[in-house]
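Engineer: Before we start, here is the structure in question, set down as structure tokens.
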Amino acid sequence: MINVAVLGYGTIGAGVVQVLQKNADSIESKAGQKIVVKRILDLRDFPGDPNENLVVHDYNIIKEDEDIQVVVECMGGVNPAYTFVKTALEQGRSVATSNKELVAKHGAELIGIAREKNANFLFEASVGGGIPIIRPLTQCLTADVIEEITGILNGTTNYMLTKMDEEGSAFDDVLKEAQQKGYAELHPEADVEGFDACRKIAILTSLATGKQVDFEDIHTEGITKITAEDFLYAKALNSGIKLLATSWSEDGKYFAMVSPMMVEKSHPLYGVRDVFNAIFVHGNMVDDTMFYGRGAGKLPTASAVAADVVDCVKHLGTNIKINWSPEKLELEDISACKRSFFVRTKAGTEEESIKESFGDVTFVSVDGIDEKAFVTGIMAEADYTAAAEKLGTVIQMIRVNE
Ligand code: HSE
């Protein structure tokens with residue numbers, strides 16, 4: 001029998017306990033041993049909860065309990081999660097976490113400690129909720145050089161953009177709805193400003209390259225400036241608007257970016273709606289692959305954490321090698337990236353002035369909106385910025401996913 005401690009009894013922590021208890025028999029047969037939740041750490045009490053007697057408020061009780069072999073961290077945030085996880089790994093315990101802030105910031109170090117101690121630090125749920133994506137990158141696709149990862153990595157914003165697209169709803173209303181459904185982060189900026197997706201693409205890119213990608217280096221734009229009118233233009237362009245987190249390599253250089261983008265109907269990411277996430281991975285041998293599923297929510301995320309617990313139990317005393325060193329990966333500035341841009345300009349802007357600044361463009365119009373909008377040819381970000389400054393009347397720009 002293996003005893004587990006769960007740190008944090010919020011939505012995900014409670015989900016993990018539920019999965020481990022409800023599927024106990026099936027999990028036991030897969031893990032080869034019974035897995036029992038022995039302690040739960042939380043500042044709160046949970047009177048009436050079936051597990052209320054397992055709740056402790058002091059981490060030292062878990063630290064000093066020698067019967068605990070696996071620690072599950074679902075507290076969120078970097079501290080104190082980092083201290084607790086590091087302590088557990090240094091004690092030789094394995095850790096499963098759903099915490100992308102912790103993994104993005106300290107993943108390389110914690111993986112290193114787990115390796116030294118013949119233990120494991122697993123974090124499948126930190127990206128894409130219930131979607132298997134960490135294991136594919138660290139196990140199934142290790143024969144490939146990964147050349148591109150492009151994902152819809154935030155369920156809340158995908159849910160919001162879907163509602164705005166399908167129902168023409170206002171941004172604030174859909175945000176409230178997403179929060180009520182439990183998808184949104186406590187602080188909505190993490191979702192809507194793209195910070196959550198940024199940490200996730202940093203983790204995936206670190207795993208794909210084996211080096212540390214600092215999320216602070218990733219150019220990140222959220223969806224707060226996307227309006228109902230933008231969706232009317234998107235429809236006219238046979239496209240949708242998605243928050244894409246992407247990284248790719250070109251001639252040995254690496255780029256990464258999070259930004260809303262126009263995605264054509266024919267692209268597989270177009271059909272990813274509501275809270276679903278999808279991650280498109282291109283390897284130099286396997287070609288295109290895509291991973292799809294529920295990217296947020298209690299049980300899908302808990303399912304991935306609980307599966308990591310099973311893997312920890314199956315590999316007690318053996319480290320599963322994860323290639324992520326602390327050596328920093330220098331990302332290139334995005335100013336050299338080339339793509340098309342969808343642009344809206346103030347009413348009264350002359351087509352001639354637009355062509356003078358942007359060269360050949362394709363104009364697009366929507367009934368009832370009195371402004372000039374267009375899609376540029378392929379151009380570098382730096383050239384787009386210079387052209388927009390020269391024109392001086394740009395009111396919206398959305399990158400076009402190529
Ligand atoms: N707020 C996150 C999302 C939760 O919406 O995707 C899962 O990381």
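Engineer: Starting with the fewest neighbours, write out ASP173, ASP217 ranked by other beta-carbon atoms found within 10 Å of each beta-carbon.
Structural biologist: Going from least to most buried by this count: ASP173, ASP217.
Engineer: Continuing with the same structure: Which order do peptides 150-162, 265-277, 41-53, 128-140 fall in by mean Cβ count within 10 Å, highest first?
Structural biologist: The densest-packed peptide leads the list: 150-162, 128-140, 265-277, 41-53.
Engineer: Here is a further query. Using 0.36 nm times the number of residues separating GLN396 and PHE46, minus their current alpha carbon distance, what extension gain do you get? All intermediate terms of the calculation are to be shown ahead of the outcome.
Structural biologist: Working: separation 350, 0.36 × 350 = 126.00 nm, distance 4.83 nm.
Extra length available between GLN396 and PHE46 comes to 121.2 nm.
Engineer: How far is helix 100-116 tilted, in degrees, relative to the longest principal axis of the Cα atoms in the chain, given as a value from 0 to 90 rounded to the nearest 10?
Structural biologist: The angle comes out at about 40 degrees.
Engineer: Can I ask one more? Name the aspartates and glutamates eligible as straight-distance cross-link partners of LYS181: C-alpha to C-alpha under 20 Å, and not fewer than 8 places from it in the same chain.
Structural biologist: Leaving aside aspartates and glutamates fewer than 8 places away in the same chain, those within reach of LYS181 are ASP165, GLU166, GLU167, ASP172, ASP173, GLU189, ASP191, GLU193, ASP196, ASP274.
Engineer: How would you rank 218-229, 56-67, highest first, on the average number of other Cβ atoms within 10 Å across their residues?
Structural biologist: Final packing ranking: 218-229, 56-67.
Engineer: Among 106-114, 294-302, how do they line up by average Cβ neighbours within 10 Å per residue, starting with the highest?
Structural biologist: 294-302, 106-114
Engineer: From the Cα gyration tensor of the stretch 162-273, with a ≥ b ≥ c the square roots of its eigenvalues, which class applies: rounded if a/c is under 1.5, or else prolate if a/b is larger than b/c, or else oblate?
Structural biologist: Oblate, since a/c reaches 1.5 and b/c is not below a/b.
Engineer: With runs of 4+ DSSP H residues as the only contributors, calculate the mean residue ellipticity of the chain at 222 nm using -39,500 (n - 2.57) per run, divided by the residue total and rounded to the nearest 500.
Structural biologist: Result for the chain, helices only: -10500 deg cm²/dmol.
Engineer: Which entries of LYS225/LYS253; LYS176/LYS242; LYS225/LYS298; LYS38/LYS63; LYS22/LYS314; LYS117/LYS200 have Cα-Cα distances beyond 23 Å here?
Structural biologist: From LYS225/LYS253; LYS176/LYS242; LYS225/LYS298; LYS38/LYS63; LYS22/LYS314; LYS117/LYS200, over 23 Å: LYS225/LYS253; LYS225/LYS298; LYS117/LYS200.
Engineer: To continue, here is another question. If I model a spin label at GLN139 and ALA347 as a point 7 Å from the Cα along the Cα→Cβ vector, what separation in nanometres do I get?
Structural biologist: Calculated label separation equals 5.9 nm.
Engineer: With an 8 Å cut-off on Cα pairs and a minimum separation of 6 or more residues, tell me the relative contact order of the chain in percent.
Structural biologist: Relative contact order here is 18 percent.
Engineer: Once label points are set 7 Å from the Cα along Cα→Cβ at both HIS315 and SER266, what is their separation, rounded to one decimal in nm?
Structural biologist: 4.1
Engineer: Could you state the orientation-averaged shadow area of the convex hull built on the Cα atoms of the chain, in nm² to one decimal?
Structural biologist: On the way: hull surface 81.0 nm².
The orientation-averaged projected area of the Cα hull of the chain comes to 20.3 nm².
Engineer: Ok, one more. Relative to the present Cα-Cα distance, how much length would full extension add between ASP333 and MET290 at 0.36 nm per residue of separation?
Structural biologist: 12.8 nm
Since every read-out is calculated from the coordinates, none of them should be taken as a lab result. Values in this document were obtained by computation on a predicted structure and should not be read as measured data. Because the Cβ atoms are built from the backbone with ideal geometry, glycine has one as well, and the counts that use them run over all protein chains shown.
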